[in-house]
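Q: Can you read through this structure? Questions will come right after.
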Amino acid sequence: DGGITQSPKYLFRKEGQNVTLSCEQNLNHDAMYWYRQDPGQGLRLIYYSQIVNDFQKGDIAEGYSVSREKKESFPLTVTSAQKNPTAFYLCASDLGQGGYQPQHFGDGTRLSIL
Amino acid sequence: KNEVEQSPQNLTAQEGEFITINCSYSVGISALHWLQQHPGGGIVSLFMLSSGKKKHGRLIATINIQEKHSSLHITASHPRDSAVYICAVTPYSGGGADGLTFGKGTHLIIQP
């Protein structure tokens, strides 16, 4: 079955530590996205990528970094510069055709600070 | 500025009731999406529409482009419909996919 796999499901970060969230898709989608969800707020876009080796900052990119070396993979690194990293992180993908395709979502990673 | 507004924020109803969730947006869009998020956090896409009306089982989604408004209806609601329903839009960017803009969600509880 095609889909998006995020790992781990739960992640704990110590102060000053970088952590990387994994996102893999086997849907042959060109576009991939990272969103952050906080309680009582809508999801917000962190980074997105429309093609391999290219990515763009979203609304809240500060303190995060990404790479897109393969079509299937779009890992997100939460750096020590992100002062409030505790949140639920969702990865999504679609065919990238100007927004006329539905997005598919992973099950999310919940990040907490120790 | 919140570009996507949903109402109500919370809704509790009895099993069998007809449910309506509303969404208003303020920007030009390529498409509007209705999503469902269960307690575990995973999100499922229910509908994507750019005009008119779509139906899937007991769910119906409508959109009025001129009024920048969409509604999600659930007929004969059931406790398994309990979830957070999220309205999201693809802002019109003239080409390319730039991510969705989301409402804050409507937390729906259907009591038996």
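The values are calculated or read from the model by the stated rules, or taken from the named source; none is laboratory data. These numbers come from a predicted model, not from an experiment. Cβ coordinates were reconstructed from backbone atoms using ideal geometry, including for glycine residues, and neighbour counts include every protein chain displayed. Ligands, DNA and RNA are stripped out before the accessible areas are found, and what is left, the full protein with its side chains, is counted by its heavy atoms. Shrake-Rupley method; radii C 1.70, N 1.55, O 1.52, S 1.80 Å.
Q: Accessible area lost on pairing B with A, both sides, 1.4 Å probe, Å² to nearest 100?
A: Separately minus together, B and A give about 1800 Å² buried.
Q: Is chain B rounded, prolate or oblate when judged by the Cα gyration tensor, a ≥ b ≥ c being the square roots of its eigenvalues, rounded requiring a/c under 1.5 and prolate requiring a/b larger than b/c?
A: prolate
Q: Then there's this: Which of B:Ala76, B:Ile21, B:Thr101 sits closest to the plus end of the dipole of segment B:2-112, meaning its Cα is farthest towards the positive end, when Lys and Arg get +1 and Asp and Glu get -1 on the C-beta?
A: Checked the options; the winner is B:Ala76.
Q: Which one of B:His73, B:His56, B:His33 has the biggest mean-square fluctuation once chain B is modelled by GNM with Cα springs under 10 Å?
A: Comparing B:His73, B:His56, B:His33 in the GNM, the peak value goes to B:His56.
Q: If a/c stays under 1.5 just call it rounded; otherwise compare a/b with b/c (prolate if a/b is bigger, oblate if not). Do that for segment A:1-92, with a ≥ b ≥ c from the square roots of the Cα gyration tensor eigenvalues.
A: prolate
Q: Which parts of segment A:17-44, residue by residue, lose 10 Å² or more of accessible area when the rest of the protein chains are there, as against the chain isolated (1.4 Å probe)?
A: Output list: A:Tyr33, A:Tyr35, A:Gln37, A:Gly40, A:Gln41, A:Gly42, A:Leu43.
Q: Give me the net charge for the shell around B:Ile86: Cβ to Cβ below 15 angstrom, other residues only, Lys and Arg +1, Asp and Glu -1.
A: -1
Q: Right, here's the next one. Taking N as the number of residues in the protein assembly as shown, what is its alpha-carbon radius of gyration divided by 2.2 N^0.38 Å?
A: 1.01
Q: Still on this structure, I have one more. When chain A is modelled as a GNM with alpha-carbon springs shorter than 10 Å, which of A:Phe74, A:Phe12, A:Phe55 fluctuates the most?
A: Residue with maximal mean-square fluctuation among A:Phe74, A:Phe12, A:Phe55: A:Phe12.
Q: Please list the equivalent ellipsoid semi-axes of segment B:48-112, computed as the square roots of five times the alpha-carbon gyration tensor eigenvalues, in descending order and whole angstrom.
A: Result for segment B:48-112: semi-axes of 26, 15, 10 Å.
Q: For a 23 Å ceiling on Cα separation, which of these pairs sit above it: B:Lys68/B:Lys104; A:Lys14/A:Lys57; A:Lys14/B:Lys104?
A: Result: A:Lys14/A:Lys57; A:Lys14/B:Lys104 exceed 23 Å.
Q: If you don't mind, another one. What is the average number of partner chain Cβ atoms found within 10 Å of a Cβ in A:101-107?
A: Other-chain Cβ atoms within 10 Å of each residue's Cβ, averaged: 6.
Q: What residue among B:Thr12, B:Thr20, B:Thr101 shows peak mean-square fluctuation when chain B is described by a Gaussian network model with Cα springs under 10 Å?
A: Fluctuation is largest for B:Thr12.
Q: When a/c reaches 1.5 or more, the comparison of a/b and b/c decides; with that in mind, is segment A:40-114 rounded, prolate or oblate per its Cα gyration tensor?
A: prolate
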